[in-house]
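Visitor: I'd like to ask some things about the structure below.
The values are calculated or read from the model by the stated rules, or taken from the named source; none is laboratory data. Nothing here was measured: the structure is a model prediction, and the numbers come from that model. Every residue, glycine among them, receives a Cβ derived from its backbone with ideal geometry; neighbour counts consider all protein chains shown. For the accessible areas, the whole protein counts, side chains as well, though only heavy atoms, and no ligand, DNA or RNA atoms are used. Shrake-Rupley method; radii C 1.70, N 1.55, O 1.52, S 1.80 Å.
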Number of protein chains: 2
Amino acid sequence: MRVAVIGLGSMGMGAALNLLRAPGLEVAGCDPRPAAQAEFVAAGGSAVGRAADLPEGTEAVLLLVVNAAQAAAALFGPEGAAPRLAPGAVIVNSCTLAPEDARRLAAEAEARGLLYVDAPVSGGAAGARAGQMTVMASGSAAAMAKAAPLLAAIAKKVWHLGEAPGLGATMKVVHQLLAGVHIAVAAEAMALGIKAGLDPQRLFEIVTGAAGNSWMFENRMPHVLEGDETPRSAVDIFVKDLGLVGDLARDVAFPTPLAAQAHQLFVAARAQGHGGKDDAFVIRAYQALTGIRLPKEG
Amino acid sequence: MRVAVIGLGSMGMGAALNLLRAPGLEVAGCDPRPAAQAEFVAAGGSAVGRAADLPEGTEAVLLLVVNAAQAAAALFGPEGAAPRLAPGAVIVNSCTLAPEDARRLAAEAEARGLLYVDAPVSGGAAGARAGQMTVMASGSAAAMAKAAPLLAAIAKKVWHLGEAPGLGATMKVVHQLLAGVHIAVAAEAMALGIKAGLDPQRLFEIVTGAAGNSWMFENRMPHVLEGDETPRSAVDIFVKDLGLVGDLARDVAFPTPLAAQAHQLFVAARAQGHGGKDDAFVIRAYQALTGIRLPKEG
């Protein structure tokens with residue numbers, strides 16, 4: 001089976017490497033950055049810079065680009081993959097995007113005789129690298145069946161939420177509400193603790209062993225403790241994803257005061273020039289307000 | 001060693017039962033409710049209704065009452081325990097209260113020749129019952145040593161944060177910031193998911209296996225899924241505890257926008273008559289705003 005991965009960033013590269021290891025798949029990667037192409041070729045795959053140059057007759061394409069606009073361009077734009085796909089090929093779209101964008105892309109795929117799985121993922125770069133992502137999928141039985149070998153190679157668990165495109169995207173957006181608020185409140189608690197005279201390392205150890213813990217607190221606060229701003233996921237991702245939460249919530253007429261407040265904190269961190277840093281550094285919004293010293297800072 | 005537990009609620013009873021099982025301790029319980037006294041006597045302890053009636057020469061007293069006012073009355077009020085305590089006895093105060101209240105009570109203890117450990121706990125009723133609480137303690141070496149047999153019987157882990165009373169209380173307040181926001185955002189995500197057409201049980205299963213999980217999401221949302229309002233911890237507890245977060249934050253001049261927003265949601269649930277219900281039912285604040293149907297409701 002000829003498969004392709006569009007977007008060889010931290011998530012896409014991890015997924016593509018797992019596809020390379022899976023039996024029976026011939027894997028092409030697509031990314032405009034020569035370094036990403038070279039890394040994937042060195043691992044044994046083939047690579048192109050434009051989706052329009054993917055191998056003719058590709059039967060399944062996994063998208064891990066940043067947003068709906070990039071996904072639409074990579075599939076259906078003038079340099080998009082669509083003309084290279086075999087009839088009845090499946091598009092597995094794992095980008096985080098608005099449910100209405102998932103429905104729009106699925107409709108365009110259907111009009112071209114292609115299958116579509118709305119398939120956002122959780123697990124981060126580490127989960128992608130380990131082939132242990134969680135997939136929140138919706139799509140027809142035919143689309144799910146066609147995508148199965150690809151999904152099996154990248155996920156520890158594939159949830160099938162129903163036939164309708166948009167259900168997967170909705171689930172991911174709700175998930176990101178929790179993820180984003182948990183990161184922001186981890187920063188709020190850590191920053192308040194520092195200001196109130198607690199030792200940040202000790203605070204971390206106590207919380208992670210107690211009922212105040214979250215997956216994000218445990219995963220992200222070590223970056224703050226170590227002063228390591230390298231982005232696993234960036235502040236800008238949550239500027240986008242909590243924006244998607246706000247869009248969905250408004251579309252269904254539902255107030256989300258905590259997500260809205262957390263969004264403002266990520267926007268503030270971006271305003272201060274931290275958009276490209278690890279998302280834990282939303283804590284700099286609190287630092288800017290209060291002048292606290294973070295660990296490892298003078 | 002003659003020890004006493006003041007407050008035989010869900011936390012205090014659990015701790016008292018573990019003290020009964022510990023070797024070398026003679027345990028008296030104190031609670032105004034005859035049913036609580038009877039339960040503890042049936043388990044093999046002795047029980048009184050007023051702290052002033054505790055056994056003469058009590059060497060360690062554990063407080064698990066609701067707030068600072070109750071703690072002060074139970075120790076130093078006209079019907080308080082202080083006259084029954086042996087010289088050099090240790091007070092272990094495990095109530096959640098403001099750091100300044102912890103400092104005030106510690107000073108009064110010192111003036112009377114008593115030792116004091118500022119010792120708030122996490123772990124909930126289940127942790128108390130299992131003798132597996134996390135204790136966030138501060139106090140002098142002498143106070144910690146005297147309290148050691150008591151703490152060993154009720155805790156899986158005793159953190160010693162320093163000598164100064166108030167450090168334990170500060171840590172607990174910061175912990176409650178996380179706990180309270182995590183419960184409120186769990187409700188926000190669950191309610192948005194319901195409104196957006198997701199299956200709530202499926203949403204729960206996906207989140208608990210993914211990066212959006214928190215201890216509170218996993219522990220509390222089953223109450224919503226089952227429609228079980230029995231309070232393990234009540235909405236009113238977080239009206240109080242997020243109030244303590246606000247007080248501490250203002251005292252040290254630190255804005256906590258997420259905690260403040262979550263507080264308002266618990267206050268709203270209380271306003272609607274849900275103060276005594278399980279804290280997961282802060283979700284009724286969202287229900288009141290949007291008219292969503294919760295699981296198990298018609």
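Visitor: Please give the average number of partner chain Cβ atoms lying within 10 Å of the Cβ of each residue in B:167-174, rounded to a whole number.
Guide: Numbers: counts 5, 0, 0, 6, 9, 3, 4, 14.
Average neighbour count from other chains, rounded to a whole number: 5.
Visitor: Here's something else I'd like to know. Please compute the modelled spin-label separation between A:Ala141 and A:Ala126, points set 7 Å along Cα→Cβ, answer in nm with one decimal.
Guide: Going from the A:Ala126 label point to the A:Ala141 one covers 3.9 nm.
Visitor: Nearest 0.05, what FRET efficiency do B:Arg112 and B:Ala260 give at R0 = 35 Å with Cβ-Cβ as r?
Guide: Values: r = 38 Å, r/R0 = 1.08.
Computed FRET efficiency for B:Arg112 and B:Ala260: 0.40.
Visitor: Let me ask something additional. Amide H to amide H, which residues 5 or more places from A:Gly29 or on other chains are under 5 Å from it, using H placed in the peptide plane?
Guide: When sequence neighbours closer than 5 places are left aside, the close amide H contacts are A:Val5, A:Ser46, A:Ala47, A:Val48.
Visitor: How big is the shadow of the Cα convex hull of the range B:135-185, averaged over all directions, in nm²?
Guide: Numbers: hull surface 15.1 nm².
Spelled out: convex hull of the Cα atoms, projected over all directions, averaged, 3.8 nm².
Visitor: In addition: Any idea what the dipole of chain A comes to, in debye rounded to 20, about its Cα centre with Lys/Arg Cβ at +1 and Asp/Glu Cβ at -1?
Guide: Numbers: 24 positive and 27 negative charges, 46 e Å.
Computed about the Cα centre, the dipole is about 220 debye.
Visitor: Now a separate question. Taking the Cβ-Cβ separation of A:Ser46 and B:Gln201 as r and a Förster radius of 51 Å, what is the calculated FRET efficiency to the nearest 0.05? Don't skip to the answer; put the middle values down first.
Guide: Working: r = 43 Å, r/R0 = 0.84.
Step by step, r from the Cβ atoms, then E = 0.75.
Visitor: Now for a separate question. Within 12 Å, Cβ to Cβ, of B:Asp247, how many net charges do the neighbouring residues add up to if Lys/Arg are +1 and Asp/Glu are -1?
Guide: Details: positive: B:Lys240, B:Arg250; negative: B:Glu100, B:Asp101, B:Asp241, B:Asp251.
Around B:Asp247, the surrounding residues sum to -2.
Visitor: Also, quick follow-up: Starting from the exponent 0.38 and prefactor 2.2 Å, build the expected Rg for the range A:1-55 from its residue count and divide its actual Cα Rg by it.
Guide: This ratio for the range A:1-55 stands at 0.96.
Visitor: So, one more: Would you grab the residues whose amide H sits under 5 Å from the one on B:Val92? Only those 5+ places off in sequence or on another chain, please, with H modelled 1.01 Å from N.
Guide: For B:Val92, whose amide H was placed from the backbone, the distant partners under 5 Å are B:Val61, B:Leu62, B:Leu63, B:Val117.
Visitor: Please list the radius of gyration and Dmax for the range A:131-257, considering alpha-carbon atoms only, with Å as the unit.
Guide: 18.0, 58
Visitor: Ok, one more. Using a cut-off of 26 Å between alpha-carbon atoms, which lysines can reach A:Lys172, once sequence neighbours fewer than 8 places away in the same chain are excluded?
Guide: Qualifying lysines at Cα under 26 Å: A:Lys146, A:Lys156, A:Lys157, A:Lys240, A:Lys277, B:Lys195, B:Lys296.
Visitor: Right, here's the next one. Taking 1 over the mean of 1/r across every pair of different Cα atoms in the range A:207-298, what Kirkwood radius in Å do you get?
Guide: On the way: mean 1/r = 0.0711 Å⁻¹.
Mean inverse Cα-Cα distance, inverted, gives 14.1 Å.
Visitor: Just to confirm the number: angle between the C-alpha axis of helix A:257-269 and the first principal axis of chain A, 0 to 90 degrees, nearest 10?
Guide: Its long axis makes an angle of about 90 degrees.
Visitor: Residue by residue, what Karplus-based ³J(HN,Hα) values in Hz, rounded to whole numbers, does the range A:61-77 have, using 6.51, -1.76 and 1.60 with θ = phi - 60° and x for Gly and Pro?
Guide: Coupling constants for the range A:61-77: 10, 9, 9, 9, 9, 7, 7, 4, 5, 5, 5, 4, 5, 5, 8, 10, x Hz.
Visitor: Less than 12 Å Cβ to Cβ from B:Met171, Lys/Arg counted +1 and Asp/Glu -1: what total charge do the surrounding residues give?
Guide: Neighbourhood net charge equals -1.
Visitor: Sort A:6-18, A:64-76 by packing, meaning the average of other beta carbons within 10 Å per residue, with the highest value first. Walk me through the numbers before you get to the answer.
Guide: Working: A:6-18: 24.2, A:64-76: 19.8.
Highest mean packing first, the order is A:6-18, A:64-76.
Visitor: For the pairing of chain A with chain B, what total accessible surface becomes buried, with a 1.4 angstrom probe, in square angstrom to the nearest 100?
Guide: Working: alone 13030 and 13070 Å², together 20960 Å².
What A and B bury together is about 5100 Å².
Visitor: How many partner chain Cβ atoms sit within 10 Å of a residue's Cβ in peptide B:245-258, on average, as a whole number?
Guide: Numbers: counts 3, 0, 0, 3, 4, 0, 1, 6, 4, 11, 7, 6, 11, 12.
Per residue, the number of nearby Cβ atoms from other chains is 5 on average.
Visitor: Taking 25 °C and 0.890 mPa s as the conditions, I'd like the Stokes-Einstein D for the protein assembly as shown in µm²/s, using the Kirkwood hydrodynamic radius from alpha carbon pairs.
Guide: Values: Rh = 25.8 Å.
Approximately 95 µm²/s, per Stokes-Einstein.
Visitor: Work out which residues of the range A:183-197 lose at minimum 30 square angstrom of accessible surface when the other protein chains are put back, relative to the chain isolated, with a 1.4 angstrom probe, and list them by number.
Guide: Going by heavy-atom accessible area, the residues of the range A:183-197 that drop by at least 30 Å² are A:Val185, A:Glu188, A:Ala189, A:Leu192, A:Lys195, A:Ala196.
Visitor: Over all alpha-carbon pairs in the range A:97-149, figure out the percentage whose distance exceeds 13 Å.
Guide: Working: 884 of 1378 pairs.
When every Cα pair of the range A:97-149 is considered, 64 percent fall beyond 13 Å.
Visitor: In whole Hz and in residue order, list the ³J(HN,Hα) couplings for the range A:227-244 that follow from phi through the Karplus curve 6.51 cos²θ - 1.76 cosθ + 1.60, θ = phi - 60°; x for Gly and Pro.
Guide: x, 9, 8, 3, x, 6, 9, 9, 3, 4, 4, 7, 4, 5, 5, 6, x, 4
Visitor: Hey, what does the equivalent ellipsoid look like for the range B:61-112, semi-axes from the Cα gyration tensor as sqrt of 5 times each eigenvalue, largest first, whole Å?
Guide: Working: eigenvalues 53, 29, 20 Å².
Working through the eigenvalues yields semi-axes of 16, 12, 10 Å.
Visitor: Stick to Cα atoms and the Kirkwood definition of Rh, then tell me Rg/Rh for chain B.
Guide: On the way: Rg = 20.0 Å, Rh = 19.9 Å.
The Rg/Rh ratio comes out at 1.01.
Visitor: Quick one: which residues, 5+ away or cross-chain, put their amide H under 5 Å from the amide H of A:Ser214? H built at 1.01 Å from N.
Guide: Placed amide hydrogens put B:Trp215 under 5 Å from A:Ser214.
Visitor: Ok, one more. Using alpha-carbon pairs under 8 Å, 6+ residues apart, how would you state the relative contact order of chain B in percent? If you can, show how the numbers build up before the last one.
Guide: Working: 599 pairs, mean separation 41.3, N = 298.
It rounds to 14 percent for chain B.
Visitor: In the calculated pair distance distribution of the range B:2-163, what percentage of Cα-Cα distances lie above 29 Å? It would help to have the intermediate numbers written out before the result.
Guide: Values: 792 of 13041 pairs.
Summing the P(r) of the range B:2-163 above 29 Å gives 6 percent of all pairs.
Visitor: For the range B:169-290, report the accessible area per residue in Å² (1.4 Å probe, heavy atoms, rounded to an integer).
Guide: Values: 3610 Å² over 122 residues.
I get 30 Å² per residue for the range B:169-290.
Visitor: Probe of 1.4 angstrom, ligands and nucleic acids ignored: what's the accessible area per residue over the range A:2-164, in square angstrom?
Guide: On the way: 6120 Å² over 163 residues.
Solvent-accessible surface per residue comes out at 38 Å².
Visitor: Going by alpha carbons, how many degrees (0 to 90, nearest 10) lie between the helix axis of A:141-154 and the longest principal axis of chain A?
Guide: Compared with the principal axis, the helix lies near 60 degrees.
Visitor: Provide the net charge surrounding B:Gly14, with neighbours chosen by a C-beta distance below 12 Å and charges set as Lys +1, Arg +1, Asp -1, Glu -1.
Guide: On the way: positive: B:Arg21, B:Arg129, B:Arg232; negative: B:Glu39.
Net local charge, B:Gly14 excluded: +2.
Visitor: Treating the point 7 Å from Cα along Cα-beta-carbon as the label, what are the nm separations from A:Arg293 to the other copies, to one decimal?
Guide: 5.8
Visitor: Return the average number of partner chain Cβ atoms within 10 angstrom of each residue Cβ along peptide B:262-270.
Guide: On the way: counts 5, 0, 1, 2, 0, 0, 0, 0, 0.
Whole-number average of other-chain Cβ neighbours for B:262-270 is 1.
Visitor: Charges at C-beta only: +1 for Lys and Arg, -1 for Asp and Glu. How large is the resulting dipole of the protein assembly as shown about its Cα centre, in Debye rounded to 20? Display every interim value, and only then the final one.
Guide: Values: 48 positive and 54 negative charges, 48 e Å.
Once rounded to the nearest 20, the dipole reads 240 debye.
Visitor: Moving to a separate point now. Which whole-Hz ³J(HN,Hα) couplings does the range B:33-46 yield from phi under the Karplus relation 6.51 cos²θ - 1.76 cosθ + 1.60, θ = phi - 60°, glycine and proline marked x?
Guide: With coefficients 6.51, -1.76 and 1.60, one gets 7, x, 5, 5, 4, 4, 4, 6, 5, 4, 7, x, x, 10 Hz.
Visitor: Using only alpha carbon pairs under 8 Å that are at least six residues apart, calculate the relative contact order of the range A:247-298 and give it in whole percent.
Guide: On the way: 21 pairs, mean separation 11.5, N = 52.
Relative contact order of the range A:247-298: 22 percent.
Visitor: Now, a different point. Can you tell me, using C-alpha contacts under 8 Å and at least 6 residues apart, the relative contact order of the range A:169-290 as a whole percent? Write down the numbers at each step before the final one.
Guide: Working: 148 pairs, mean separation 44.6, N = 122.
Averaging sequence separation for qualifying contacts and normalising by length gives 37 percent for the range A:169-290.
Visitor: For the range A:137-207 and the range B:254-290, what is the separation of their C-alpha centers, rounded to whole Å?
Guide: So the separation of the two Cα centres works out to 24 Å.
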